[in-house]
Amino acid sequence: MNTFHPDRAAAFAADRSHAHWHDTALWFVREKRDRGAASVPEWERLRDAAAGIKAQALSNLAAYLEEFERNATANGIRVHWARDGEEHNRIVHEILAARGVRLVVKSKSMLTEECGLNPYLEARGLEVVDTDLGERIVQLAKEPPSHIVMPAIHRRKESIGELFHEKLGTPAGASDPKLLTEAARQDLRRKFLGAQAGLTGVNFALADTGGIVVVTNEGNADMGTSLPPVHVASMGVEKVIPRAADLGVFLRLLARSATGQPVSTYTSHFHGPMRGGELHVVVVDNGRSEILAREPFRKSLACIRCGACLNTCPVYRRSGGYSYSYLIPGPIGAVLGALRDPERHASLPFASSLCGSCTDVCPVQVDLHHQLLALRADVAARGILPWGKRMGMRLAGLVLRHPSLYRLAGGLARRALRGAPGLVRIGPAATWARQRQLPGAPSESFREIWRRGGA
Amino acid sequence: MSAREAILAALRAASARVVPRPPDPEPTRFDDRVGTFLESVKAVGGAAARVPDVTALDAAIRALPVWAAARRTVSLVPGAGASTLDLSAIADPHDLEGLEVAVVPGELGVAENGAVWIPGTSLPHRAVFVIAEHLVLTVQARDLVSNMQEAYARISLQRPGYGVFVSGPSKTADIEQALVIGAHGARSCTVYVVG
């Protein structure tokens, strides 16, 4: 598969009206986020606090996880540990298989996407139903999510209508979101009632009380964990926070950053299984301890998956989630992908204008654009820059090191721009110049103006 | 080495010096918590009103169109509405399917976002608040706080146990960002501030 971001972005951008719609739809969410943030006078101090709490947690993760495990166990929660995705999948499957589970309902969890849980369970004969509406849409379409909060944002309602007509029997041509949502509700209600187990992710794990917190707007996590007697929750090691009271800070930031809502509709606190049921929590590393060990990138583990950096990113908005070769798109996905597999995701750190908007909106102050820049250096140091970039950098280095060369190149460029402006649309510069209009070339350089004392 | 030991060892090896936490910011407080709360519930897609006492609450609930149309109801608030189902006689939460209206007492309300805290101890079955087609929540006027930071200072998390903040009706915007009320949970959420 071609993992090169510019190629994949070009494929998305080829449908100009759709790409424009996508850009506008995501910017609309960004604007809602701005209104949500502006409604809280102490917003910036909340961000400071959230970043500080996460830094505290990440500086002592092992101790907080042990505290979480101790308290969770006392609450009747069974805690499991998985070094990688394979081990996670095996643990989840063993729990389900031992209880004769055939149908599981699942609420959104990027971690289980990362581990490839659905195909693993399906290969062993289980039916896995994603219950978040957006996740259900992409599951029916056999696609991965294209956004971490709005998984089906790449699809127009007409295409969802066609999909539901085929899969759920909605009337042909129907594309009203209300009608389509109702059809999914009816279909998924049957799944909720028929399932023997519910799977969820974890938004926050609480060290001091041994509980987990899951937030949704639809209520799918609550349906999936209050009907079937078995609840299995998967969490990355970085999800633990020191105190339950810290939720007061994080929940004021999370939904406002994600969708502009003052809080998600349902914020569920699980401090034990339902009556007569079981609650299992699987704590997963899968490369996180390696990221933790790399100081410049440690902060990326503070991410609370709100999606604000995707919505604001000029590259994500115009290139879509599928242009990113990693399953999490946008600035945070580019960072996490390049950390996980630098060879495969070598182009992702360059899928950014480094404008810094992602860093500015991040509720936990992950320094995303600094990390992207550092990862570019990392890609270069590994010697896996594409030939054009490598040569371009070498050439630029040469010219900038030698003033005489620099003067010569400047003079040539000014003359070329005046005489044959079309030159920049030929050769390696063509990609860069395609959507740019060049300014008229000045007759003399800054140095020349300075020399004769002009201003 | 077990997975647990391997993970904890790797995390310990990766950790730098322990960073102390910063102080939490002073949250903004509202003078008119009741008014702000009612506005917030409406802003998140719910309906909200203030009633002076349980008698008025009962009358308000019975006047709701969804109540009048309902045949299967549950009220967990003494004196407000009525139950056609005996929850204590229901062993399996699946039997709650078809519940039309549930009246559930909240322990606390949050003015900044219209959320109501429902402790698990109020729910004979966890599913009640989410499986009901329509949800009616109550909260005492004296139990309103300004924001989530104050809320967590006030509530006690039952251990073992369960608790949930509910802010408005179930909703989704997963199709083209169009807001649709009634995704999987309650299609409407009416909140009464009592007192």
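The values are calculated or read from the model by the stated rules, or taken from the named source; none is laboratory data. Every value quoted in this text rests on a predicted model; they were computed, and no experiment measured them. All Cβ positions, even for glycine, are placed from backbone atoms using ideal geometry, and neighbour counts span all protein chains on display. We work out accessible area using only protein heavy atoms, side chains counted, and drop any ligands, DNA or RNA first. Shrake-Rupley method; radii C 1.70, N 1.55, O 1.52, S 1.80 Å.
If you place +1 on the Cβ of every Lys and Arg, -1 on the Cβ of every Asp and Glu, and leave all else neutral, what size is the dipole of the protein assembly as shown about its Cα centre, to the nearest 20 Debye?
2760 debye
Which trypsin sites (Lys or Arg not before Pro) in the stretch B:63-141 sit in a loop by DSSP (not H, G, I, E or B) and have at most 16 other Cβ atoms within 10 Å of their own Cβ?
Hits after loop and neighbour filter: B:71, B:72.
Would you be so kind as to list the residues of the stretch B:85-101 that have their accessible area lowered by at least 50 Å² in the full protein complex compared with their chain by itself (1.4 Å probe)?
B:94, B:97
Count the net charge of all other residues whose Cβ sits under 15 Å from the Cβ of residue B:27, scoring Lys and Arg as +1 and Asp and Glu as -1.
Every neighbour counted, the sum reads -2.
What is the helix-to-structure angle for A:330-340, meaning the angle in degrees between its Cα long axis and the longest Cα principal axis of chain A, kept from 0 to 90 and rounded to the nearest 10?
In chain A, helix A:330-340 runs at an angle near 80 degrees to the longest axis.
Going toward the positive end of the dipole of the protein assembly as shown, with +1 on Lys and Arg Cβ and -1 on Asp and Glu Cβ, which of A:388, B:18, B:101 do you reach last?
Of the listed residues, the answer is A:388.
Using protein heavy atoms only (no ligands, DNA or RNA), what is the total accessible area buried between B and A, 1.4 Å probe, nearest 100 Å²?
6800 Å²
Which shape class applies to the stretch B:30-194: rounded if a/c is under 1.5, otherwise prolate when a/b exceeds b/c and oblate if not, where a ≥ b ≥ c are the square roots of the Cα gyration tensor eigenvalues?
rounded
Normalising by the residue count of the stretch A:387-451, find the relative contact order in percent from Cα pairs under 8 Å and 6+ residues apart.
27 percent
Kindly identify the protein assembly as shown as rounded, prolate or oblate by the Cα gyration tensor criterion: order the square roots of the eigenvalues as a ≥ b ≥ c, call it rounded if a/c is under 1.5, otherwise compare a/b with b/c, prolate if a/b is larger, else oblate.
prolate
Once a ≥ b ≥ c are taken as the square roots of the eigenvalues of the Cα gyration tensor of the stretch A:387-451, is the result rounded (a/c under 1.5), prolate (a/b larger than b/c) or oblate (a/b not larger than b/c)?
Oblate, because a/c is 1.5 or more while a/b does not exceed b/c.
Do any trypsin sites (Lys or Arg not before Pro) in the stretch A:356-455 lie in a loop, going by DSSP, with at most 14 other beta-carbon atoms within 10 Å of their beta carbon, and if so which?
Here the sparse-neighbourhood loop sites are A:382, A:434, A:436, A:452.
Where does helix A:157-168 land angle-wise versus the long Cα axis of chain A, in degrees 0 to 90, nearest 10?
30 degrees
So how far, in whole Å, is the C-alpha centre of the stretch A:38-59 from the one of the stretch B:138-195?
Cα centroid of the stretch A:38-59 versus Cα centroid of the stretch B:138-195: 23 Å apart.
Counting only helical runs of four or more DSSP H residues, what would the 222 nm mean residue ellipticity of chain A come to if each run contributes -39,500 (n - 2.57) and the total is spread over all its residues?
-15500 deg cm²/dmol
As I understand it, the dipole of the stretch B:30-194 uses +1 on the Cβ of Lys and Arg and -1 on the Cβ of Asp and Glu, about the Cα centre. Which of B:80, B:45, B:167 lies farthest toward its positive end?
Of B:80, B:45, B:167, it is B:80.
How much accessible area per residue does the protein assembly as shown have, in Å², with a 1.4 Å probe?
Value returned for the protein assembly as shown: 40 Å² of accessible area per residue.
Return the loop-located trypsin sites (Lys or Arg not before Pro) in the stretch A:175-281 (DSSP other than H, G, I, E, B) with at most 14 other Cβ atoms within 10 Å of their own Cβ; answer none if there are none.
Taking the stretch A:175-281 and a limit of 14 other Cβ atoms within 10 Å, the loop trypsin sites (Lys or Arg not before Pro) found are A:275.
What average number of partner chain Cβ atoms lie no more than 10 Å from the Cβ of the residues making up A:177-184?
Per residue, the number of nearby Cβ atoms from other chains is 5 on average.
Could you tell me which Cys residues in chain A have no other cysteine's Cβ under 4.7 Å from their own Cβ, answering none if every one has a partner?
Cys with no partner Cβ under 4.7 Å: A:115, A:303, A:306, A:313, A:355, A:362.
Let me know the charge dipole size of the stretch B:30-194 about its Cα centre in debye, to the nearest 20, where only the beta-carbon of Lys, Arg (+1) and Asp, Glu (-1) is charged.
Dipole size: approximately 120 debye.
So, with a 1.4 angstrom probe, what is the percent of accessible area on the stretch A:387-451 that is carbon and sulfur?
Heavy-atom surface of the stretch A:387-451 belonging to carbon and sulfur, 1.4 Å probe: 64 percent.
List the residues of the stretch A:252-275 that lose 50 Å² or more of accessible area once all protein chains are present, compared with their chain alone (1.4 Å probe, heavy atoms only, no ligands or nucleic acids).
Relative to the lone chain, where solvent access is computed with a 1.4 Å probe, the stretch A:252-275 loses at least 50 Å² at A:252, A:262, A:263, A:265, A:266, A:269, A:271, A:275.
Count, for each residue of A:222-229, the Cβ atoms from other chains sitting within 10 Å of its Cβ, then give me the mean as a whole number.
For peptide A:222-229, the averaged partner shielding equals 6.
If we sort A:328-335, A:139-146 on the protection proxy, mean other Cβ atoms within 10 Å, highest first, what's the order?
For the peptides A:328-335, A:139-146, the packing ranking is A:328-335, A:139-146.
Taking all protein chains as present, what is the carbon and sulfur share of the accessible area of the stretch A:1-88, in % to the nearest whole number, probe 1.4 Å?
About 53 percent, which is the carbon plus sulfur part of the accessible surface.
At 1.4 Å probe size, with the rest of the protein present, what percent of the exposed accessible area of the stretch B:19-167 is carbon and sulfur atoms?
Reported share for carbon and sulfur atoms: 52 percent.
Work from the charge dipole of the protein assembly as shown (Cβ charges, +1 for Lys and Arg, -1 for Asp and Glu, about the Cα centre) and give the residue of B:146, B:28, A:279 farthest towards its positive end.
Of the options given, the answer is B:28.
If you count, for every residue in B:142-150, the Cβ atoms of partner chains within 10 Å of its Cβ, what is the mean?
Average neighbour count from other chains, rounded to a whole number: 3.
May I ask for the distance between the Cα centers of the stretch A:300-324 and the stretch B:79-131, given as a whole number of Å?
37 Å
Pairs A:178/A:299; A:299/B:42; A:32/A:191; A:108/A:157; A:239/B:171; A:142/B:42: which exceed 31 Å Cα-Cα?
A:178/A:299; A:299/B:42; A:32/A:191; A:142/B:42
What is the distance in Å between the Cα centres of the stretch A:153-213 and the stretch A:376-430?
Value for the Cα centre distance between the two parts: 50 Å.
Which value, in debye to the nearest 20, describes the size of the charge dipole of the stretch A:387-451 about its Cα centre when Lys and Arg Cβ atoms bear +1, Asp and Glu Cβ atoms bear -1, and nothing else is charged?
180 debye
For chain B, what does -39500 (n - 2.57) per DSSP helix run (n ≥ 4), summed and divided by total residues, give at 222 nm, in deg cm²/dmol to the nearest 500?
-6500 deg cm²/dmol
Return a whole-number percent for the relative contact order of chain B, with Cα pairs under 8 Å and 6 or more residues apart as the contact set.
The normalised contact order for chain B reaches 26 percent.
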